[in-house]
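Asker: So that we are looking at the same thing, I have put the structure below in structure tokens.
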Amino acid sequence: MKKLLILAVMLTTVLAGCGQKDTGTTNTQGGTDNKPAVTDKAKLTVGTSADFAPYEFHKNIDGKDTIVGFDIEIAKEVAKDANAELKIEDMDFDSLLMALDTGKLDFVISGMNPTQERREAVDFSDIYYLGEHSVLVKKDAVGNFKSADDLKGKKIGVQKGSLQEEIGQGVEGAQLTSLAKLPELVMELKTGRVDAVIVDKPVADQYAANQDDIAVASDVKFELSEDETGYAIAVKKGNKELLDKINATIKRLSENGDIERFVVEANELVE
Ligand code: ARG
């Protein structure tokens, strides 16, 4: 008897379901039928190496580990303009462009200079910010670094896959240490395993401002092209649709002075 009852209940449920479906399909006025509501926003996945304050870095905000920085603010605006939800993938710098190519990422923003070599592999947006490259050294050694020539024969730390790695490779007699993450390099410097770290100037300035024992060797300058000092967003080669949108966002943010503001705000967040 009990079994029968269960069967009857099941049957009614199934029938009720069918009935509902029927009303749905015959209801031409509502237009929505029984399809689930379209709440799923398009998603854009951005790749970055969040070891790079003030561009992109981790910060505890209200007890939650959050990726912040002026690149991240720009990425958020890109997503906003594209009416998409932003997903951030934190990866090693040297694996970003490959992940773009395989489709894991939609775009990359990571304090990246659009070098000639990279331009062959991916497409870049317009330049959204200009920087330079600096040399970080131990504070008590600043006096030993008066020009780029003083790097010759030294132990130099660079991030793996970065433009600085290339710069370092061009320094006569230098002994390079290439590591995946920037804080590891700064540790190498502090412990004396490298004499200098070549890194983007805004990042070097941050470290020098926040840590007592290291400083920027400001007399050491490199001669570089605009592609090597400007920062741009990368998309997969041929993704013109997204690239056009990104360029429109960059134009809007640059004209409004928003990028400058993002830089100032990001610098204030660094500890
Ligand atoms: N600007 C350098 C480059 O394009 C280094 C960038 C490193 N970025 C980072 N988020 N760690 O190669």
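Asker: Placing +1 on the Cβ of each Lys and Arg and -1 on the Cβ of each Asp and Glu in the chain, which of A204, A82, I127 has its Cα farthest towards the positive end of the resulting dipole?
Answerer: A82
Asker: Can you tell which of T229, M187, N247 lies farthest toward the positive end of the dipole of the chain, using +1 and -1 charges on the Cβ of basic and acidic side chains (Lys, Arg; Asp, Glu)?
Answerer: Comparing the listed Cα positions along the dipole, N247 ranks first.
Asker: Based on the alpha carbon coordinates of the stretch 106-224, what radius of gyration and maximum Cα-Cα distance (Dmax) apply, in Å?
Answerer: 14.2, 45
Asker: Take L105, L44 and order them by how many other Cβ atoms sit within 10 Å, fewest up front. Each step should come with its number before you reach the end.
Answerer: Values: L105 24, L44 21.
Ranking L105, L44 by Cβ neighbours within 10 Å, fewest first, gives L44, L105.
Asker: Continuing with the same structure: Let me know the charge dipole size of the chain about its Cα centre in debye, to the nearest 20, where only the beta-carbon of Lys, Arg (+1) and Asp, Glu (-1) is charged.
Answerer: Values: 33 positive and 49 negative charges, 296 e Å.
Here the size comes out at about 1420 debye.
Asker: Sticking with this structure for a sec: So in the chain, what percent of DSSP beta bridges are antiparallel if you round to the nearest 5?
Answerer: Working: 22 of 38 bridges.
Roughly 60 percent of the beta bridges in the chain run antiparallel, per DSSP.
Asker: By its C-alpha gyration tensor, with a ≥ b ≥ c as the square roots of the eigenvalues, how is the stretch 222-271 shaped: rounded for a/c under 1.5, else prolate for a/b larger than b/c, else oblate?
Answerer: oblate
Asker: Under the √(5λ) rule applied to the eigenvalues of the Cα gyration tensor, what semi-axes describe the equivalent ellipsoid of the chain? Give them in Å, descending.
Answerer: Equivalent-ellipsoid dimensions as semi-axes: 51, 21, 17 Å.
Asker: Further, regarding this structure: Answer rounded, prolate or oblate for the stretch 42-90, using the Cα gyration tensor with square roots of eigenvalues a ≥ b ≥ c: rounded when a/c is under 1.5, else prolate when a/b is larger than b/c, else oblate. Before the final figure, lay out each step's value.
Answerer: On the way: a/c = 2.00, a/b = 1.65, b/c = 1.21.
Judged from the Cα gyration tensor, the stretch 42-90 comes out prolate (a/c at least 1.5, a/b above b/c).
Asker: Which of E241, E228, E188 moves most in a GNM of the chain, Cα contacts under 10 Å?
Answerer: Maximum among the listed residues: E241.
Asker: May I pose another question? For the chain, find the longest principal axis of its Cα atoms and tell me its angle to the long axis of helix 2-26, 0 to 90°, nearest 10.
Answerer: Taking the Cα atoms of the chain, the angle to 2-26 is about 80 degrees.
Asker: Which GluC sites (Glu not before Pro) in the stretch 50-155 pass both tests, a DSSP loop state and at most 14 other beta-carbon atoms within 10 Å? Don't jump to the answer; show the numbers that get you there.
Answerer: On the way: sites: E56, E73, E77, E85, E89, E117, E120, E132; in loops: E132.
Sparse-neighbourhood loop GluC sites (Glu not before Pro): E132.
Asker: Under a cut-off of 21 Å between alpha-carbon atoms, report the lysines in cross-link reach of K201, not counting same-chain residues fewer than 8 places apart.
Answerer: K59, K138, K139, K146, K152, K154, K155, K160, K181, K190, K221
Asker: What range in the chain is the longest one free of trypsin sites (Lys or Arg not before Pro) that are in a loop by DSSP and have at most 14 other Cβ atoms within 10 angstrom? Each step should come with its number before you reach the end.
Answerer: Values: sites that count: K41, K104, K146, K152, R193, K221, K237.
Between exposed loop sites, the widest span is 42-103.
Asker: Still on this model: Compute the long axis of helix 258-269 from its Cα atoms, compare it with the longest principal axis of the Cα atoms of the chain, and write down the angle in degrees, 0 to 90, nearest 10.
Answerer: Between the helix axis and the principal axis of the chain, the angle is about 80 degrees.
Asker: Compute the long axis of helix 201-210 from its Cα atoms, compare it with the longest principal axis of the Cα atoms of the chain, and write down the angle in degrees, 0 to 90, nearest 10.
Answerer: For helix 201-210, the angle is close to 80 degrees.
Read the figures in this text as sums done on the coordinates, not as results from a lab. Note that the coordinates shown come from a computational prediction; the quantities given were computed from them, not determined experimentally. Heads up, the Cβs are rebuilt from the backbone with ideal geometry, glycines too, and the neighbour counts pull from every protein chain shown.
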